[in-house]
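Trainee: Got a structure for you, written out below as structure tokens; questions coming shortly.
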Amino acid sequence: MSPGKKEPHITPLHGAGGELMGELLERLILPRFGEGTVGRIGLKALDDGATIALPEGEKGELVLTTDSHVVKPIFFPGGDIGRLAAAGTINDLAVMGARPIALTLAAIIEEGFPITDLERILESLAATLAEVGAPVACGDTKVMPSGDVDGIVLNTTGLGIAARAISDADLRPGDRVLLTGTIGDHGMALLAAREEFQLKTRLESDVAPIWPLIAPVVELGDAVHAMKDPTRGGLAAALNEMARKSGACIEIQEPAIPMREPTVGLSELLGISPLDVANEGKAIVVVAPEAADEALNRLRAHPLGADAAIVGTVTDEHPKRVVLDTEVGGRRFLDMPLGDPVPRIC
Ligand code: MG
């Protein structure tokens, strides 16, 4: 990437802590995030950190999570690295049962990166955060010499508050397993968008912040036993992790897994299972059997949960394994994938 004449570009000085970096923060960051504060000292103060006040009278647990985002391409069908960096961290909080209260944002940018692209990314990140009402509380900017980083890397750390944080390990025999929507869309949309494939499909990533979808389910309290967002490694990795941690067996009815037709079509074409690739706007929700219908109703009441379904049951048949009841009436183990078949997916 080499700086052109007309368009302003990121230079090493933009990450060097001086005037130019200050100007970048003043012009791009503070107008979008400067009013966000959750304590006495907020982002606007550009201090060394931000203070966090617990909401008045609120009891519970603070939840902290962090994620770095290296997705390629940075603009993809259905989203971009900005929306992903917000949703990825919000969703990790959401599946802990935590309402997001503030995020940090760290950007590592390659010298020569177009500032208009940076603005688009920040605008998208701000719009995504606005969907859940969580501000950026503090941040950091670094610029790397051309070639030392591929375009842009964003790290977000999220702080949330939960009445009782929900783990991904407390599965019990008899529990029902729900999915909040269609599976495989992010990974397959990314694959379709990669230059090496040049596929013309209508596939879009599902990237979205799911706290507004999950919050009504969290209100079911103790009936919610476990949650997890199936990101890298997809549904297969997430279910296997849950089964291993809890020692339980998860039995899934394959025909009940919601999937979009273009996602299935592309997966067959490429020979990559939609169950192995990342989702960025979905959750696995495990609830006590008597709460399953109510949880499903609450999920379906939100637009992001329109395709929610009950897809399985927790048993003690094969401890630490995931069993798939297939379309044709057979049964097989759904194994932990070696890794996500799509690199730089999030
Ligand atoms: Mg997660």
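Trainee: Only one of Gly88, Gly112 is touching a strand residue (DSSP E or B) at 6+ places or on another chain (Cβ under 6 Å), within 14 Å of the ligand (Cβ to nearest atom) and open to solvent by less than 10 Å² (accessible area, probe 1.4 Å). Can you tell me which? Can you show your working first?
Mentor: Details: Gly112 fails: within 14 Å of the ligand (Cβ to nearest atom).
Residue meeting the stated conditions: Gly88.
Trainee: Give Thr231, Thr201, Thr182 a once-over and let me know the one that is outside the structural domain of Leu64 (by TED's automatic domain parsing), at pLDDT below 95 and within 21 Å of His302 (Cβ to Cβ). Quick ask: steps written out before the conclusion?
Mentor: Working: Thr201 fails: within 21 Å of His302 (Cβ to Cβ); Thr182 fails: at pLDDT below 95.
Just a single option satisfies the conditions, and that option is Thr231.
Trainee: Next up: Which condition from (1) touching a helix residue (DSSP H, G or I) at 6+ places or on another chain (Cβ under 7 Å); (2) within 16 Å of the ligand (Cβ to nearest atom); (3) open to solvent by less than 10 Å² (accessible area, probe 1.4 Å); (4) closer than 29 Å to Pro319 by Cβ is the one that Lys228 breaks?
Mentor: The failed condition is (3).
Trainee: Considering (1) more than 23 Å from Glu290 (Cβ to Cβ); (2) more than 16 Å from the ligand (Cβ to nearest atom); (3) open to solvent by less than 10 Å² (accessible area, probe 1.4 Å); (4) not aliphatic (A, V, I, L, M), say which one Asn240 fails and leave the rest.
Mentor: (2)
Trainee: Let me ask something else. Is at least one residue of the stretch 26-44 part of a loop (DSSP other than H, G, I, E, B) and either among the hydroxyl-bearing types (Ser, Thr, Tyr) or within 16 Å of the ligand (Cβ to nearest atom) (or both)? Please lay out each step first, then the result.
Mentor: Narrowing the stretch 26-44 to residues part of a loop (DSSP other than H, G, I, E, B): 34-42.
From what is left, the residues that are either among the hydroxyl-bearing types (Ser, Thr, Tyr) or within 16 Å of the ligand (Cβ to nearest atom) (or both) are 37.
For the stretch 26-44, residues part of a loop (DSSP other than H, G, I, E, B) and either among the hydroxyl-bearing types (Ser, Thr, Tyr) or within 16 Å of the ligand (Cβ to nearest atom) (or both): present.
Trainee: Something else: Tell me, yes or no, whether the stretch 231-253 has at least one residue that is of a type in the set (Lys, Arg) and farther than 30 Å from His69 by Cα.
Mentor: no
Trainee: State the number of residues belonging to the stretch 252-284 that are outside any helix (DSSP H, G or I), in contact with a strand residue (DSSP E or B) (Cβ under 6 Å, 6 or more places away or on another chain) and open to solvent by 30 Å² or more (accessible area, probe 1.4 Å).
Mentor: 1
Trainee: Under the condition of being more than 20 Å from the chain's Cα centre (by Cα) and more than 14 Å from Leu25 (Cβ to Cβ), which residue from the stretch 115-149 is least open to solvent (accessible area, probe 1.4 Å)?
Mentor: Here the residue is Val149.
Trainee: Among Asp117, Asp150, which is more than 16 Å from the ligand (Cβ to nearest atom), assigned to a loop (DSSP other than H, G, I, E, B), more than 18 Å from Glu204 (Cβ to Cβ) and at pLDDT 95 or above?
Mentor: Asp150
Trainee: Are any of the residues in the stretch 208-215 in a helix (DSSP H, G or I), open to solvent by less than 10 Å² (accessible area, probe 1.4 Å) and either more than 14 Å from the ligand (Cβ to nearest atom) or in the same structural domain as Glu280 (by TED's automatic domain parsing) (or both)?
Mentor: There is at least one residue in the stretch 208-215 that is in a helix (DSSP H, G or I), open to solvent by less than 10 Å² (accessible area, probe 1.4 Å) and either more than 14 Å from the ligand (Cβ to nearest atom) or in the same structural domain as Glu280 (by TED's automatic domain parsing) (or both).
Trainee: Is it true that Ala134 is within 16 Å of the ligand (Cβ to nearest atom) and either within 22 Å of Asp47 (Cα to Cα) or not in a strand (DSSP E or B) (or both)?
Mentor: Answer is no for this residue.
Trainee: Provide a single number: the residues in the stretch 305-342 that are without any contact (Cβ under 8 Å) to a residue 12 or more places away in the chain, part of a loop (DSSP other than H, G, I, E, B) and open to solvent by 60 Å² or more (accessible area, probe 1.4 Å).
Mentor: Here the count works out to 3.
The values are calculated or read from the model by the stated rules, or taken from the named source; none is laboratory data. Since the structure is predicted, the reported quantities are computational estimates derived from the model, not experimental observations. Positions of Cβ are generated from backbone atoms using ideal geometry, with glycine treated the same way; all protein chains shown enter the neighbour counts. The accessibility values were calculated without ligands, DNA or RNA, using every heavy atom of the protein model including side chains. Shrake-Rupley method; radii C 1.70, N 1.55, O 1.52, S 1.80 Å.
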